[in-house]
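See below for the structure under consideration.
The values are calculated or read from the model by the stated rules, or taken from the named source; none is laboratory data. Since the model is a prediction, treat every value here as computed from it, not as a measurement. Here the Cβ positions follow ideal geometry from the backbone for every residue, glycine too, while neighbour counts run over all protein chains shown. In case anyone asks, the SASA skips ligands and DNA or RNA and just uses the protein heavy atoms, side chains included. Shrake-Rupley method; radii C 1.70, N 1.55, O 1.52, S 1.80 Å.
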Amino acid sequence: MSADPPDLTEPRDPALGGLVRALIADGTADEMAGRQAALEMFRSSRRPRRRRFAVSMSTAAAALVLAGGFAAAYAAALPAPVQHIAYRMLGSIGVPDTQRPAPSPGAPSPGAPRLAASVPPRPPAPAATACPCQDGRPGAGNLVLAAARAQIVAGGTAVLAGRLAPGGRPEAGVRIRLFEHAGAGPGWREAGSAMTGRDGDVTLTVPHLTSNASFRLAAPRGVLSPPVAITVLPPVHLGLAAGGRAGVDLLTARAPFAQAGDVVVLQERSGGTWYRIGERVLGQDHRAVFTVLVPLSGQAEYRVVLPGTTVHGRSVSGWVRVAARSAQVRAARRAPP
Amino acid sequence: MGTEADDFDGVLSRARSGDETAFLRLWDHLHPRLLRYLRVLGCDEADDVASETWLQAVRDLGRFDGGADEFRCWLFTIGRHRAIDASRARIRFRSRLMTAAVVPVPEPSPVEDEVLDGLSTRQAVAVVAGLSPDQAEVVALRIIAGLDTAAVARMLGKSPGAVRIALHRGLRALSADPRLRALEEVEQ
């Protein structure tokens, strides 16, 4: 839908064409963010008003929800995420938190003897599906696996802890195999093995993890653990250099652990909110260059976001400041917020 | 044969009758432009001010009487008033809403052939906001809001001639902006 006067949408001066196109372009995602709220406002303006009744009903409903919620929160009977929120709001008056790390049958108990095995450095990916995963029996609690961290920095080490306890009885001295399914890979491959300790515990480490992966354990007789997913976060860096022309600077995004062809998004901060400016594709050198205008006064702050893919999670760079200048560029680096 | 203006009028009419789809079409088309206009004015809380503008527009939509052009002018006038209110309340409005100085200027001179496909909307808004306050507002109302000269003149309380002059001066300044030239040279 457009009802723009025709004389200015296509200026005779070609120099202004790009500027005008940008000014009247369709709304960006940031600009359209309030669409649903606007629709709700429109709907509410059309509803018949029964305000007193509505207020009293909503107040009563809120009171009921609050009363029931308090009781459920004290009893730790809410779903885990909701319980955690209740804990954050009401923890000071005794509401427990179910998301606090707690001993579980599958987690190695502190102080318990355990056998740790390091998975050797990663060989070139061998043929997949040596895993008994397709025909194995899910352990139903007999074999469990947990990751120390669900997200790790790319190139870091994943630490995985498992426990073999069929029927609740720990089994020691059993060889447990670790299988890995890379995020974009074709199937499961064996990534290492270890013997269970006295309490049926086993700890495995997977060094230099550079892409998302799922892991599961396999014990003899086809017993399998449920899979555990680990997301890898590639560091992304943003650097500033003068553009070689008056009024523009170059911002270089670099993400060594991302893939050539990945998209990086440049954002600018305004009023405490980050707004999308543009995007570029990482080249073979894992870099992408953005050109930005130097502000005439004050300063502008930029950062880049590497969106998550099947291979890696979402990462955000630290921000870089581009300041109005007379003779030189000043950049101030800060840690990511 | 229907025109775009007729289409806009039809959508506006349905929105006034409570048609949610029609209202969303109006909002989709005008809200981004309203935000950009407010940012050109230097309004620090453009999102909040735009929301207040729509709130008033929706509330008074049943009493609005006019077509597409009048609706645009009405909406942006509300936005301008809300922005002024916000500036008075928060004292952060950068004195952009000023009366234009009426100075005759020659027609804009031709500039080199440049293509600015790489310019983002936010950068473009920032470039316009860098004009003098009177030029920036006229350029924003003519190009971003899509109002004609007469409507801008009524809205700003100026003569149509003063609006044309401010527009020409603004466009000429934009054509000569060294940052736009440099951006084009770098991206070529």
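If you go through the range A:290-304 and keep only what is under 22 Å from A:Ala154 (Cβ atoms) and open to solvent by 10 Å² or more (accessible area, probe 1.4 Å), you end up with just A:Arg303.
Against the numbered list (1) part of a helix (DSSP H, G or I); (2) at pLDDT below 75; (3) within 7 Å of chain A (Cβ to nearest Cβ), B:Arg181 comes up short only at (3). Checking A:Ala242, A:Ala229 one by one, the residue that is within 14 Å of chain B (Cβ to nearest Cβ), among the aliphatic types (A, V, I, L, M) and open to solvent by 50 Å² or more (accessible area, probe 1.4 Å) is A:Ala242 and no other.
Table: residues versus (1) closer than 27 Å to A:Gly298 by Cβ; (2) at pLDDT below 90.
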{"residue": "B:Thr21", "(1), (2)": "no, no"}
{"residue": "B:Val40", "(1), (2)": "yes, no"}
{"residue": "B:Asp44", "(1), (2)": "yes, yes"}
{"residue": "B:Phe64", "(1), (2)": "no, yes"}
{"residue": "B:Gly67", "(1), (2)": "no, yes"}
{"residue": "B:Arg90", "(1), (2)": "yes, yes"}
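Filtering the range B:124-138 for residues that are within 14 Å of B:Val163 (Cα to Cα), at pLDDT below 80 and of a type in the set (Val, Ile, Thr) leaves an empty set. Summed over the range A:207-226, residues that are within 12 Å of A:Val311 (Cα to Cα), assigned to a strand (DSSP E or B) and open to solvent by 30 Å² or more (accessible area, probe 1.4 Å) total 1. Looking only at residues of the range A:182-192 that are open to solvent by less than 40 Å² (accessible area, probe 1.4 Å) and either assigned to a strand (DSSP E or B) or assigned by TED's automatic domain parsing to the domain that holds A:Thr310 (or both), we find that the one that is nearest to A:Arg163 (Cα to Cα) is A:Gly192. Could you run through the range B:121-141 and say how many residues are under 18 Å from B:Arg169 (Cβ atoms), open to solvent by 10 Å² or more (accessible area, probe 1.4 Å) and facing chain A (nearest Cβ under 9 Å)? Of the residues in that region, 1 qualify. For the range B:142-173, the tally of residues that are within 11 Å of chain A (Cβ to nearest Cβ), of a type in the set (S, T, N, Q) and more than 23 Å from B:Leu30 (Cα to Cα) stands at 0.
Of all residues in the range A:281-299, those being at negative phi and either within 11 Å of another protein chain (Cβ to nearest Cβ) or touching a residue at least 40 places away in the same chain (Cβ under 8 Å) (or both) number 9.
Residue by residue through the range A:229-269, note down the ones that are at positive phi and in a strand (DSSP E or B). The answer is none; no residue qualifies.
Restricting A:Leu224, A:Leu250, A:Leu209 to residues that are aliphatic (A, V, I, L, M) and within 14 Å of another protein chain (Cβ to nearest Cβ) narrows the list to A:Leu250. Take the residues in the range A:1-29 that are outside any helix (DSSP H, G or I), more than 7 Å from chain B (Cβ to nearest Cβ) and at pLDDT below 80, then tell me which one is least open to solvent (accessible area, probe 1.4 Å). Per the criteria, the residue is A:Pro11.
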